[in-house]
Amino acid sequence: MGKNLTRKIIAEHLVSGEMKTGSEIAIRIDQTLTQDATGTMAYLQFEAMGVPQVQTELSVSYIDHNTLQSGFENADDHRFLQSVAAKYGIYFSRPGNGICHQVHLERFGVPGKTLLGSDSHTPTGGGIGMLAMGAGGLDVAVAMGGGPFYLTMPKVVKVELQGELQPWVSAKDVILEVLRRLSVKGGVGKVIEYTGPGVKSLTVPERATITNMGAELGATTSVFPSDEITRAFLKAQDREDQWTELLPDADATYDEEVIIDLDKLEPLVAAPHSPDAVETVSSLGHIKVDQVAIGSCTNSSYADLMQVANILRGKKVNDQVSLVISPGSKQVFEMLARNGALGDLIAAGARILEATCGPCIGMGQSPPSGAVSVRTFNRNFPGRSGTADAGVYLASPEVAAASALTGKLADPRTLGEYKPVELPEKFLIDDSMIIAPAKDPDAVEVVRGPNIKPLPVNEELPETLTVDVLLKVEDNITTDHIMPAGAKILPLRSNIPAISEYVFSGVDAEFSTRAKDSKAGIVVGGHNYGQGSSREHAALAPMYLGVKALLAKSFARIHRANLVNFGILPLTFVKEEDYEKISQGDVLEITNLRQQLERGDELTVANRNSGATFTVEHGLTARQIAIIKDGGLLNHTKKQNQ
Ligand code: MIC
Ligand code: SF4
């Protein structure tokens with residue numbers, strides 16, 4: 001039986017387990033990446049493991065999220081990260097060099113390798129044929145220490161691309177179409193593998209737009225083959241020697257199949273407030289637009305921004321629209337500056353930002369109250385822009401640029417003749433913003449400013465768990481609900497006591513006080529709890545506040561793994577209707593917990609307020625049970641090493 005690409009890469013890296021869908025496997029990690037917002041924790045955890053140098057082939061630490069320096073906090077974090085990188089054998093990408101996923105694709109990604117990143121959009125690397133996955137910082141720290149990464153053997157979904165994209169229709173529309181069909185839960189436990197004749201019409205950055213936003217499906221990752229197009233991209237990056245061909249077998253089998261006819265796609269948007277609320281631009285009519293933001297790890301490649309410059313050249317941005325542009329990397333930025341496109345963007349009235357995440361993570365450029373913002377980004381969860389009542393539409397750079405000109409949500413097909421962007425044979429290569437690790441690591445002293453606070457640790461799991469229901473929430477709660485980001489909160493990422501004050505702050509302002517007042521708490525959720533980012537702060541900060549367990553109808557993959565890593569028990573209802581038997585303020589109790597966990601999958605929960613009992617499932621492997629019992633992975637690893 002022929003193998004698909006996903007199974008080939010996994011087989012090459014398999015350390016333990018059986019490649020049977022749904023069972024736990026462990027794979028070797030070749031490369032890791034971190035960004036500053038998750039990196040400080042990841043490196044504090046790495047330090048706590050006591051490994052002298054990273055054991056991976058390549059590890060890179062990027063600064064791209066928290067680059068606003070309106071106080072000492074972010075700058076302190078940057079300095080800490082730079083010194084840690086120098087000491088432990090990690091490359092350091094300086095602030096200004098670009099967004100981690102974009103830079104990694106340009107300068108480091110290698111087909112066929114595994115990449116683990118402490119950011120949920122790490123699957124961007126799938127565009128160059130990597131098996132690239134997002135995880136919590138602790139999992140990345142373990143991988144840097146040479147440990148394998150544990151995951152559930154995924155199903156592999158074949159997405160067959162037929163035909164070719166029509167003028168003004170772009171890679172963003174492909175992934176929006178996949179989201180429309182599969183939804184934000186549709187990728188859970190799956191790898192999305194792209195095949196078919198349409199693949200060869202997509203460049204590596206276009207493929208990367210698709211694999212990047214595959215994160216919004218909840219997928220383990222997404223992957224494209226490595227072919228002649230990949231080779232040409234690597235050649236233009238002066239890295240042709242790192243190319244290998246990587247294709248699925250001709251008779252490869254898959255668990256599911258989706259067919260997309262590129263010829264038939266038209267410009268799409270994801271309407272507020274979910275990446276799967278997808279509609280055609282033409283069906284939405286002319287919605288008034290107040291802000292347009294172009295950039296992010298989804299759509300800020302050279303071709304993306306050149307197309308925007310071509311659309312805006314010689315024209316002016318509508319006087320009711322604020323247009324902000326953040327290039328994906330220094331490479332892209334400098335190329336636009338040198339070829340004149342930057343001048344065209346400035347002349348049209350665009351506000352040019354640094355090459356960072358910026359508005360995508362609410363670091364500046366929040367839209368006005370009640371505004372409509374059209375963004376080329378990947379997430380439009382409520383409040384993520386920094387403005388609670390803004391409505392964010394996710395769209396391609398073409399739709400965004402057309403809307404900036406007209407002041408209304410606009411179909412780029414009305415712009416007239418379409419000219420594809422010509423890619424240069426060689427990109428501008430200058431790695432001077434990437435600092436290699438120190439030659440003499442012993443001489444490097446790690447710099448810890450006052451914003452770097454020690455890691456909190458959990459306690460061992462008790463025999464009887466008595467917990468207050470601190471909060472009951474609905475389906476699709478995102479990590480942005482649990483642990484918001486934005487300019488005020490992000491600088492506290494290396495300071496858990498301070499950041500924990502903001503847990504669920506947008507949902508229930510009393511949450512952190514209530515949690516601290518209770519000895520032990522539980523949060524009750526609906527389906528897909530914890531969707532969105534990899535931020536382990538959404539587990540670590542609740543843990544710090546005394547949350548011992550989470551009971552939901554279902555979980556998002558990375559968040560569930562983060563809960564386990566910090567010793568929070570993730571439970572699901574056996575009968576979904578039992579969700580109704582719980583109210584906020586109830587007290588739930590599980591007796592003989594440690595024993596019950598060993599005995600099987602089901603646990604009995606008593607509601608002390610109503611007297612009702614019901615069963616829940618944990619679905620944990622023996623390895624995960626041991627971690628939970630010890631109060632998290634760090635405690636567990638320390639105990640094992642004793
Ligand atoms: C995001 O897009 O939400 C982030 C910020 O990049 C996160 C990581 C984080 O919270 O630091 C992600 O996607 O994992
Ligand atoms: Fe940065 Fe936004 Fe990409 Fe997250 S999704 S890595 S915040 S650009």
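Every number in this text was worked out from the coordinates using simple rules, so none of it is lab data. These figures come from a predicted structure and were not determined experimentally. So basically every Cβ, Gly included, is an ideal-geometry build from the backbone, and we count neighbours across all protein chains shown.
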Requested in this report: Give me the compactness ratio for region 268-413, meaning the Cα radius of gyration over 2.2 N^0.38 Å.
Outcome: 0.94
Report task. Using label points projected 7 Å from each Cα along Cα→Cβ, tell me how many nm separate Ser610 and Ala250, to one decimal. Result -> 6.0
Report task. Fewest Cβ neighbours within 10 Å first, please rank His273, His481 accordingly. Result -> His273, His481
**Report entry** Fully extended contour minus Cα-Cα distance, from Asp475 to Ile346, at 0.36 nm per residue
**Finding:** 42.2 nm
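Over region 1-149, what is the relative contact order in percent, taking alpha-carbon pairs closer than 8 angstrom and at least six residues apart?
Working: 285 pairs, mean separation 44.5, N = 149.
This gives 30 percent for region 1-149.
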**Report entry** Under 30 Å from the Cα of Lys453 - lysines, other chains or at least 8 residues apart
**Finding:** Lys87, Lys439, Lys488, Lys516, Lys519, Lys548, Lys629, Lys638, Lys639
Requested in this report: Would you work out the charge dipole size for region 268-413 about its Cα centre, treating the Cβ of every Lys and Arg as +1 and the Cβ of every Asp and Glu as -1, and quote it to the nearest 20 debye?
Outcome: 220
Report summary line: If unit charges are put on Cβ atoms (+1 for Lys and Arg, -1 for Asp and Glu) and the dipole of region 82-205 is taken about its Cα centre, the option from Ile99, Ala132, Pro148 lying farthest towards the positive end turns out to be Pro148
Report summary line: Over the Cα atoms of region 465-641 the radius of gyration and the largest Cα-Cα distance (Dmax), both in Å, equal 15.3, 46
Query - Which of Val258, Val223 has the fewest Cβ neighbours within 10 Å, and the rest in rising order - result: Val258, Val223
Query raised in the report: When all C-alpha to C-alpha distances in the chain are sorted into bins of 20 Å, what percent of pairs does each bin hold, rounded to whole numbers?
Result: 20, 56, 23, 1
Report task. For the chain, calculate the relative contact order in percent as a whole number, restricting contacts to Cα pairs under 8 Å that are 6 or more residues apart. Result -> 14
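Quick check on the exposure proxy: order Met483, Met133, Met49 from fewest to most C-beta atoms within 10 angstrom.
Exposure proxy ranking, most exposed first: Met49, Met483, Met133.
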Report task. Would you mind working out the magnitude of the charge dipole of region 10-167 relative to its Cα centre, with +1 at each Lys and Arg C-beta and -1 at each Asp and Glu C-beta, to the nearest 20 Debye? Result -> 220
Query - Qualifying lysines (Cα of each under 16 Å from Cα of Lys575; at least 8 residues distant if same chain) - result: Lys553
Query raised in the report: Once you charge only the Cβ atoms, +1 for Lys and Arg and -1 for Asp and Glu, what is the size of the charge dipole of region 345-460 about its Cα centre, to the nearest 20 debye?
Result: 560
Query - Taking N as its residue count, the alpha carbon Rg of region 252-348 over 2.2 N^0.38 Å - result: 1.35
Query raised in the report: With each pseudo-label sitting 7 Å past Cα toward Cβ, what's the Ala11-Glu47 distance in nm, one decimal?
Result: 4.3
Requested in this report: Would you mind getting me the FRET efficiency between Ser23 and Glu580? Use the beta-carbon distance for r and R0 = 45 Å, nearest 0.05.
Outcome: 0.85
Report summary line: To the nearest 0.05, the calculated FRET efficiency linking Lys3 and Asp430 through their beta-carbon distance, R0 being 35 Å, is 0.35
**Report entry** Hits among lysines - C-alpha to C-alpha of Lys330 under 23 Å, sequence gap 8 or more where chains match
**Finding:** Lys172, Lys235, Lys426
Query raised in the report: Which shape class applies to region 472-518: rounded if a/c is under 1.5, otherwise prolate when a/b exceeds b/c and oblate if not, where a ≥ b ≥ c are the square roots of the Cα gyration tensor eigenvalues?
Result: oblate
Report summary line: What helix-only [θ] at 222 nm does the chain give? Using -39500 (n - 2.57) per DSSP H run of at least 4, over all residues, to the nearest 500, the answer is -8000 deg cm²/dmol
Requested in this report: Starting from one equal scatterer on each C-alpha and no solvent at all, send me the Debye-based log10 I(q)/I(0) for region 5-264 at q = 0.09, 0.10, 0.11, 0.12 Å⁻¹, two decimals.
Outcome: -0.39, -0.48, -0.58, -0.69
Query raised in the report: Picking from Val174, Gly89, Gly17, whose Cα lies most toward the positive end of the charge dipole for the chain (charges on Cβ: Lys, Arg +1; Asp, Glu -1)?
Result: Gly89
Report summary line: With the 8 Å Cα cutoff and a minimum separation of six or more residues, region 5-264 has a relative contact order in percent of 22
Query raised in the report: So how long is each side of region 121-170 along the principal axes, counting just the alpha-carbon atoms, biggest first, in Å?
Result: 47, 23, 16
Query - Antiparallel bridge percentage (DSSP; both residues within the chain; nearest 5) - result: 35
Report summary line: Given Cβ charges of +1 for Lys and Arg and -1 for Asp and Glu, the option among Tyr579, Val444, His636 whose Cα lies farthest towards the positive end of the dipole of the chain is Val444
